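Accompanying notes for the structure given below.
The values are calculated or read from the model by the stated rules, or taken from the named source; none is laboratory data. Computed from a predicted model, the values in this text were never measured in an experiment. No Cβ is skipped: glycine too gets one built from the backbone with ideal geometry, and neighbour counts run over all protein chains shown. Calculation scope for accessible area: heavy atoms of the full protein, side chains included, ligands and nucleic acids excluded. Shrake-Rupley method; radii C 1.70, N 1.55, O 1.52, S 1.80 Å.
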Amino acid sequence: MTWTFTHDLAAYRAAAGPAVAADPVANTTLLTVLDALERRGPDAYGSAEPFFGWWTGADGGVAGALLRTPPYPLLIGALPAQAVRDLGAALATEPLLAGVDALNARRRDAQALAAAWGRPSEVAEETRLYRLAGLLAPQPAPAGRARTATAADLPLLLDWAGAFKRETGEPGGPSEAFLRDRLSYGGVLFWEDAGTPVSMAGFFRVIGSASRIGPVYTPPALRGRGYAAGVTHAVSEAAYAAGASEVLLFTDLSNPTSNGIYQRLGYTPVEDRVEVAAL
């Protein structure tokens, strides 16, 4: 039973790809990051070189994976308990893990890894993964309607994507390449009121059976009018229309408003994830 670490995306895809794809719900973020790296290249998330890892069990099969795209935290997928214990040991010995200053994992795994890390740390963020059990229309219905964003909307999308990143503390600025890719498959929707965009939401490409909603953003001055619920309902329909049978999203557990909105639209909790950062 061992972890293998590498900078080689092709080797990672060959070794770990089937295991990651076998659980498209728990591994949703791993799958979308892999898709972006393959479509946009190794600098899709920044100039630093990404690295990858997978865990091989006693039967010789791969049963868990991780990756890191600096400056983002180490992203850890669904793992067996033994793989978590082995990763805790590797945090102190593996050269590719030496520069890791934050990790993102399922709550129980994050707690175990933080204890094994051997360095002072704190919980930086807690998120909850939801899956759509049955789409419900927002009540009351907000004023306006949805429309698909086009290339002409790119300046506004860049502005709002930057505002979203600043508000959530996500590193880096808005990516024009990411947004252009989203536009290429109709992956961004606006909610418009009286012909003016008032909220936006996107969805990731369908990978296997699943698509994930995000981000959802409404400018602060326009909040409290139901626009986020309207656009989330519309983008969920769009993800289904694109071929997803599993529609997912993450929420920040510190924001009860958004958690309430999504549950009223038919989203149900799957699991919690925790980001742990070194002090």
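Check 36, 22, 26 and return the single one that is at negative phi, open to solvent by 60 Å² or more (accessible area, probe 1.4 Å) and not β-branched (Val, Ile, Thr).
Residue meeting the stated conditions: 22.
Give me the pairs, please: first residue somewhere in region 108-128 and more than 11 Å from residue 273 (Cα to Cα) and assigned to a helix (DSSP H, G or I), second residue anywhere and open to solvent by less than 90 Å² (accessible area, probe 1.4 Å) and polar (S, T, N, Q), beta-carbon distance under 9 Å, and either six or more positions apart or on two chains.
Taking only residues 6 or more apart or on different chains, the pairs are 114/121.
With the requirement that a residue be part of a loop (DSSP other than H, G, I, E, B) and modelled with pLDDT of 95 or more, what does region 79-92 give you?
Listed by number, the residues that qualify are 79, 80, 91.
Take the residues in region 261-273 that are part of a helix (DSSP H, G or I) and open to solvent by 40 Å² or more (accessible area, probe 1.4 Å); name whichever of them is nearest to residue 24 (Cα to Cα).
263
Regarding residue 93, is this residue open to solvent by 50 Å² or more (accessible area, probe 1.4 Å), of a type in the set (S, T, N, Q) and over 25 Å from residue 1 (Cα atoms)?
no
Listed residues 44, 48; which is part of a loop (DSSP other than H, G, I, E, B) and closer than 16 Å to residue 205 by Cβ?
Exactly one residue qualifies, and that residue is 44.
Taking region 159-214 on its own, how many of its residues are more than 23 Å from residue 225 (Cβ to Cβ) and of a type in the set (A, V, I, L, M)?
Number of matching residues: 6.
If residue 227 satisfies every condition in (1) open to solvent by less than 10 Å² (accessible area, probe 1.4 Å); (2) more than 27 Å from residue 112 (Cβ to Cβ) but one, which is the exception?
The number of the failed condition is (1).
Checking the condition in contact with a strand residue (DSSP E or B) (Cβ under 9 Å, 6 or more places away or on another chain) and open to solvent by less than 30 Å² (accessible area, probe 1.4 Å), which residue from 254, 236 passes?
The conditions single out 236.
What pairs can you find where one residue is in region 50-76 and closer than 10 Å to residue 15 by Cα and hydroxyl-bearing (Ser, Thr, Tyr), the other is open to solvent by 30 Å² or more (accessible area, probe 1.4 Å) and assigned to a loop (DSSP other than H, G, I, E, B), and their Cβ atoms are less than 9 Å apart, with a gap of 6+ or different chains?
From region 50-76, the pairs are 56/1.
Mind checking which residues of region 3-37 are outside any helix (DSSP H, G or I) and free of Cβ contacts under 8 Å to residues at least 40 places away in the same chain?
22
Take the conditions under 18 Å from residue 45 (Cβ atoms), of a type outside the set (Asp, Glu) and surrounded by 17 or more Cβ atoms within 10 Å (Cβ to Cβ) and apply them to residue 77. Does it pass?
Judged against the criteria, residue 77 is a match.
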